[in-house]
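Chemist: Below: one structure in structure tokens.
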């Protein structure tokens with residue numbers, strides 16, 4: 001299993017006059033993702049944790065991959081469309097437009113066969129499958145029996161679609177996400193601002209009451225309970241009672257993880273070593289894949 005961390009390409013509609021830093025450029029940003037991974041129990045001996053920008057072969061893989069997709073196909077990607085809709089006054093950057101192909105490179109360099117994703121990321125898996133298939137059709141194979149790239153499948157969780165706390169698409173830039181690195185108090189304040197509705201009786205009805213149902217689902221995921229049963233037990237507790245339950249459930253669920261995270265964050269040398277080892281392993285895999293790509297494309301001189 002491979003896990004990519006910042007810094008690396010991040011989707012952005014285009015340059016902002018207020019922006020003077022690049023993606024992942026915060027001095028401490030590199031430490032957050034691997035700390036979260038390790039705190040949640042991902043074993044670096046079994047999973048490769050690496051920084052995207054440290055694997056130079058990814059950018060070389062990107063070039064042939066870009067030749068396999070069309071501009072209209074990239075424009076139809078939901079992530080690209082959302083960024084365009086949310087930033088109508090900013091020009092589309094080349095990085096944003098090609099972001100789905102960057103993700104395909106992240107998946108295909110290690111020949112992943114299963115990719116854990118949410119529902120909104122399924123189009124990224126589909127374009128990755130298209131690139132793998134078109135590469136095989138256009139350039140052929142090194143081994144006649146096996147395509148260079150497999151057809152990756154999506155690995156969906158029991159809850160593949162979770163809204164942000166404001167009822168819109170979950171996005172860190174919108175401030176509507178609950179972060180592992182937050183304190184219990186920060187989590188409580190964020191959930192207190194979560195959007196509900198005016199009906200006091202709590203029910204689990206994702207179609208007609210998406211915001212309330214999203215909070216019920218969060219409580220169910222944190223406790224391992226059934227969302228319908230949780231809603232029934234809440235009854236006429238209203239939004240306040242629901243938010244109180246969600247806050248308690250999430251903080252209890254994350255308590256041991258956050259304690260472990262604090263220990264890890266206090267030892268940045270260990271995190272650097274995990275990333276160094278992961279970067280070395282990811283680079284070796286990517287270079288081997290790039291060698292196969294060059295062979296298939298008859299570009300080994």
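Where a number appears in this text, it was derived from the coordinates with a stated rule and is not lab data. As the structure is a computational prediction, the values presented were derived from the model and not from experiment. When we count neighbours, we look across all protein chains shown, and the Cβ atoms used for this are built from the backbone with ideal geometry, even at glycine.
Chemist: What distance in nm lies between label points placed 7 Å from Cα along the C-beta direction at residue 157 and residue 248?
Modeler: With each label placed 7 Å out from Cα toward Cβ, I get 2.3 nm.
Chemist: If the chain between residue 287 and residue 192 were fully stretched, how many nm would it gain, using 0.36 nm times the residue separation less the Cα-Cα distance?
Modeler: Computed gain between residue 287 and residue 192 is 29.4 nm.
Chemist: Right, here's the next one. Give me the three principal axis extents of the stretch 86-160 from the C-alpha atoms, as integers in angstrom, largest value leading.
Modeler: Result for the stretch 86-160: principal-axis Cα extents of 49, 34, 17 Å.
Chemist: Among bridges DSSP assigns within the chain, what percent are antiparallel (round to 5)?
Modeler: Bridges in the chain that DSSP calls antiparallel: roughly 20 percent.
Chemist: How are the alpha carbon pair distances in the stretch 172-263 distributed across 10 Å bins from zero to the largest one, expressed in percent?
Modeler: Pairs per bin, as whole percents: 17, 49, 28, 6, 0.
Chemist: Using Cα atoms only, what is the angle between the long axis of helix 268-296 and the major principal axis of the chain, expressed in degrees (0 to 90) to the nearest 10?
Modeler: In the chain, helix 268-296 runs at an angle near 40 degrees to the longest axis.
Chemist: Continuing with the same structure: Which order do the peptides 169-178, 269-278 come out in when sorted by mean C-beta neighbours inside 10 angstrom, highest first?
Modeler: So the peptides 169-178, 269-278, ranked by packing, come out 269-278, 169-178.
Chemist: Let me ask something else about it. Give me the percent relative contact order of the stretch 172-263, please, defined on Cα pairs under 8 angstrom at least 6 residues apart.
Modeler: Normalised by residue count, the contact order of the stretch 172-263 is 32 percent.
Chemist: Quick one: Debye curve from the C-alpha atoms of the chain, no solvent, what's log10 I(q)/I(0) at q = 0.06, 0.07 Å⁻¹?
Modeler: The Debye formula, applied to the Cα set alone, gives -0.24, -0.33.
Chemist: Continuing with the same structure: If you fit an axis through the alpha-carbon atoms of helix 57-66 and take the longest principal axis of the Cα set of the chain, what angle between them do you get, 0 to 90°, nearest 10?
Modeler: Its long axis makes an angle of about 90 degrees.
Chemist: What's the center-to-center distance, using Cα atoms, between the stretch 48-126 and the stretch 176-227 in Å?
Modeler: 30
Chemist: Normalising by the residue count of the chain, find the relative contact order in percent from Cα pairs under 8 Å and 6+ residues apart.
Modeler: With pairs under 8 Å counted, the relative contact order is 22 percent.
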